[in-house]
Ligand code: ARG
Ligand code: ZN
């Protein structure tokens with residue numbers, strides 16, 4: 001075989017090389033002279049020397065056009081500084097020096113959407129910034145690292161007609177007119193912050209406002225800004241923001257700390273949203289909501305992201321990260337806080353199911369392939385590549401384990417200690433664990449091992465019942481597969497929440513060997529070594545264990561259940577999550593039976609259990625919908641070695657058809673019509689649950705009776721009161737290849753021609769067309785007038801949905817999907833390296849494909865790696881994926 005090419009290996013940044021900054025910036029004054037094509041930035045840095053170091057002043061600055069530089073009021077001559085397009089070195093600085101630089105930026109030419117850029121058309125769009133992780137160096141010369149905290153004074157100047165609204169983080173500190181139709185506004189942020197939290201916004205924007213008084217008595221103006229056509233879609237976000245602020249006061253005692261809180265929506269954004277101090281900036285898809293164009297799922301997402309960014313004000317801003325290796329210190333913690341908030345606002349078990357499903361779909365595959373990395377990576381070449389499911393979602397699971405270990409009050413005590421001790425500082429994960437532990441008189445350092453090693457641990461459980469002794473012995477054993485990383489593998493503390501069920505489905509009192517306290521019916525045992533036995537006494541009959549309840553640790557559990565035991569848990573477990581989990585396990589076994597043409601015990605057990613639940617009122621509509629859904633194609637692939645995504649699709653379809661047959665067409669139709677009769681646009685839990693079940697029932701019906709279901713779906717599409725029902729119907733029509741699909745797609749295209757977020761869903765639905773036809777559809781859609789590689793949301797909705805959410809379409813045996821992706825990556829990389837790199841992660845896992853696809857994928861990746869001039873972002877992903 002030929003040798004794999006190496007993209008030029010860019011220098012690695014290592015955690016173990018961390019050094020405190022040699023220079024700090026105590027205060028900074030920034031003066032912006034804003035224009036679409038060119039903007040100028042005058043920066044005045046008040047420098048402080050670190051007495052322990054004597055390095056010269058080195059400032060980050062990427063491709064800045066330096067217009068002027070002065071030190072302590074004196075213009076520097078060319079031999080007193082050096083700039084190589086990424087670092088500026090200045091001689092002769094001393095403690096207390098003031099460095100002044102003036103640079104020119106080109107916002108309209110900035111397609112990478114990092115630093116200062118333009119959102120929308122040149123004539124009408126607005127200017128905004130994105131600085132995390134290292135965007136500030138695209139704006140001015142600065143020590144662009146999170147452990148340099150400074151006080152910011154920002155003055156914006158611009159033409160009033162073109163830029164009527166001028167915003168920056170902090171409290172307003174004056175505004176006024178200037179000559180020639182220009183105006184200015186100044187903002188002072190009293191809270192020292194790192195450069196990645198700087199933000200400004202300027203242009204034509206509308207606003208909605210609300211007054212808010214914090215629990216500690218501060219009057220705050222909440223302002224949400226959007227372009228005129230979107231402002232009426234911001235009311236839901238405003239309500240969500242208020243709920244989040246109250247929740248953080250009540251749950252963590254955290255109050256907001258400025259007089260204004262701005263939130264801005266943009267259609268041009270690389271990520272979901274950004275927590276800039278006092279000036280959060282959101283991808284419109286995470287902020288705008290209205291019944292006609294927003295699904296229930298998206299409403300919940302908006303609420304969650306609004307809360308997430310707001311919660312960062314404490315977990316991220318007041319206490320920030322020492323370096324980017326600690327990213328999960330703010331992201332994992334804030335995702336956990338966001339999840340708890342959403343669970344409190346909605347249904348807790350459903351939220352847990354959604355979160356674990358996401359973890360399995362996005363994080364487990366990441367952790368099982370060449371892109372695997374610890375929650376705290378040891379090294380990186382491009383930090384933007386580490387805003388991953390591992391850092392966010394697995395990171396949140398680790399916080400959840402700590403919170404579970406300490407209990408509600410203990411965790412609150414620990415968090416109080418963490419905030420108090422680290423307020424105004426840049427902290428590490430060690431600081432976090434120390435605060436939590438010390439406030440509770442316990443040592444949490446064993447949990448650090450979770451942050452240091454990649455890979456999803458396996459937990460093996462085996463139960464043995466001794467009838468004579470009436471004891472039940474549960475043996476738990478752990479193993480973390482050797483991954484691509486070479487980190488040492490230590491046994492991890494794994495909290496396992498468990499219960500025992502009698503053969504009749506009752507929860508048993510748990511008498512632990514040698515334990516005297518009153519028996520509980522649920523408890524947590526911690527497996528803190530490779531293997532351990534847990535003995536329960538006074539057990540009258542062989543019990544069925546319910547393990548890892550609520551998904552108490554992010555592991556893959558293997559337990560030798562019989563199908564009947566899983567069916568018993570599916571029917572009786574009171575832990576909603578574990579009930580769903582039993583259904584998932586049983587469905588996965590049924591899937592294997594169908595795929596391999598072996599026995600059908602699991603298939604029957606699954607279908608029978610669900611048929612009983614379907615006809616009873618014992619379970620809520622939304623949970624029922626989830627119970628009726630087998631693991632997705634991506635999850636099923638994770639259990640295989642020579643992956644053939646098209647075969648997985650077929651076996652999964654066959655499984656669902658069996659379920660539909662067992663439920664019966666008539667029964668399904670009756671239920672569908674009953675749900676349809678009640679549908680509407682109300683957002684309460686029961687209404688959302690009905691819509692979730694209605695969609696699921698229609699999908700099952702479409703597998704049994706495509707023609708009948710097609711007619712129902714076409715009517716549902718036409719009469720839908722809101723987007724949830726409309727999009728569900730459209731998706732059923734498209735996926736089942738119904739005759740009415742084309743007309744519905746045309747209608748949708750026209751109806752939502754002016755609504756970018758709704759159009760994104762039109763692209764995404766079609767990109768998920770199952771199997772071979774998807775690729776041609778994607779090519780056809782790329783020629784649609786509304787398609788562009790310049791808008792990240794559009795790219796995600798078509799190419800992202802195709803390569804990430806459509807395994808059977810993307811992984812064609814002839815490799816055409818891989819070649820399409822590789823070609824688009826080259827074009828995209830020249831415009832926006834962050835978006836290109838994220839899309840490229842779809843190649844993760846190619847080594848486990850069946851041979852023909854594996855070779856085709858490898859050839860496409862190798863060809864891509866040979867392209868000259870790839871960005872550091874894309875280069876790093878390609879390199880890791882190949883090796
Ligand atoms: N801190 C943001 C959040 O709330 C994410 C920003 C990431 N931006 C980036 N270019 N990597 O999750
Ligand atoms: Zn975040």
Inset, instruction - Check off (1) surrounded by 21 or more Cβ atoms within 10 Å (Cβ to Cβ); (2) under 19 Å from residue 389 (Cα atoms); (3) within 15 Å of ligand 1 (Cβ to nearest atom) for residue 272 and give me the number that stays unchecked. - result: (1)
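Let's see how each residue does on (1) within 26 Å of residue 322 (Cβ to Cβ); (2) away from ligand 1 (no atom under 16 Å from the Cβ):
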{"position": "175", "(1), (2)": "no, yes"}
{"position": "193", "(1), (2)": "yes, no"}
{"position": "209", "(1), (2)": "no, yes"}
{"position": "241", "(1), (2)": "no, no"}
{"position": "246", "(1), (2)": "no, yes"}
{"position": "268", "(1), (2)": "no, no"}
{"position": "277", "(1), (2)": "yes, no"}
Inset, instruction - Return yes when residue 821 is buried (at least 21 other Cβ atoms within 10 Å of the Cβ), under 17 Å from residue 771 (Cα atoms) and touching a strand residue (DSSP E or B) at 6+ places or on another chain (Cβ under 9 Å) and no when it is not. - result: no
Inset, instruction - Could you grab me the full set of residues in region 261-279 that are touching a residue at least 40 places away in the same chain (Cβ under 8 Å), within 11 Å of ligand 2 (Cβ to nearest atom) and in a loop (DSSP other than H, G, I, E, B)? - result: 271, 275
Inset, instruction - Please work out if residue 407 is assigned to a helix (DSSP H, G or I), over 25 Å from the mean Cα position of the chain (by Cα) and either within 16 Å of ligand 2 (Cβ to nearest atom) or at pLDDT 95 or above (or both). - result: yes
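Results for (1) over 25 Å from residue 209 (Cα atoms); (2) within 14 Å of ligand 2 (Cβ to nearest atom); (3) not in a helix (DSSP H, G or I), shown as yes or no for each residue.
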position: 281; (1), (2), (3): no, yes, yes
position: 290; (1), (2), (3): no, no, yes
position: 293; (1), (2), (3): no, no, yes
position: 302; (1), (2), (3): no, no, no
position: 309; (1), (2), (3): no, yes, no
position: 356; (1), (2), (3): yes, no, no
position: 359; (1), (2), (3): yes, no, no
Inset, instruction - Return the residue satisfying two criteria in turn: it lies in region 299-320 and is in contact with a strand residue (DSSP E or B) (Cβ under 6 Å, 6 or more places away or on another chain) and under 16 Å from residue 395 (Cβ atoms), and of such residues it is farthest from ligand 1 (Cβ to nearest atom). - result: 319
Inset, instruction - Run residue 40 past the list (1) free of Cβ contacts under 8 Å to residues at least 12 places away in the same chain; (2) assigned to a strand (DSSP E or B) and report the number of the one that doesn't hold. - result: (1)
Inset, instruction - Please indicate, with yes or no, whether at least one residue in region 713-725 is more than 17 Å from residue 695 (Cα to Cα) and in contact (Cβ under 8 Å) with a residue 12 or more places away in the chain. - result: no
Inset, instruction - Find all pairs meeting these conditions: Cβ atoms under 7 angstrom apart; at least six residues apart or on different chains; first residue within region 378-396 and within 16 Å of residue 352 (Cα to Cα); second residue near ligand 1 (Cβ under 9 Å from one of its atoms). - result: 392/331; 392/335; 393/335; 395/331; 395/335; 396/335
Inset, instruction - Take region 361-384 and flag every residue that is more than 16 Å from ligand 2 (Cβ to nearest atom), within 25 Å of residue 433 (Cα to Cα) and under 13 Å from the mean Cα position of the chain (by Cα). - result: none
Inset, instruction - Residue by residue through region 601-644, note down the ones that are in a loop (DSSP other than H, G, I, E, B) and either in contact with a strand residue (DSSP E or B) (Cβ under 9 Å, 6 or more places away or on another chain) or more than 17 Å from residue 582 (Cα to Cα) (or both). - result: 616, 617, 640, 641, 642, 644
Inset, instruction - Find the strands (runs of 3 or more DSSP E) located wholly in region 446-514 whose residues include 3 or more that are surrounded by fewer than 19 Cβ atoms within 10 Å (Cβ to Cβ), and list them. - result: 458-466, 471-479
Legend entry - Candidates 330, 394, filtered to the one that is touching a strand residue (DSSP E or B) at 6+ places or on another chain (Cβ under 6 Å), at pLDDT 95 or above, within 15 Å of ligand 1 (Cβ to nearest atom) and part of a helix (DSSP H, G or I): 330
Legend entry - Which numbered condition residue 387 misses (of (1) buried (at least 22 other Cβ atoms within 10 Å of the Cβ); (2) within 16 Å of ligand 2 (Cβ to nearest atom); (3) farther than 28 Å from residue 533 by Cα): (1)
Inset, instruction - Scan (1) away from ligand 2 (no atom under 16 Å from the Cβ); (2) in a loop (DSSP other than H, G, I, E, B); (3) in contact with a helix residue (DSSP H, G or I) (Cβ under 9 Å, 6 or more places away or on another chain) for the single condition residue 254 breaks and write down its number. - result: (1)
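The values are calculated or read from the model by the stated rules, or taken from the named source; none is laboratory data. Owing to the predicted nature of the structure, the values given are computational and were not obtained by experimental measurement. Glycine gets a Cβ as well: all are built from the backbone with ideal geometry, and neighbour counts include every protein chain shown.
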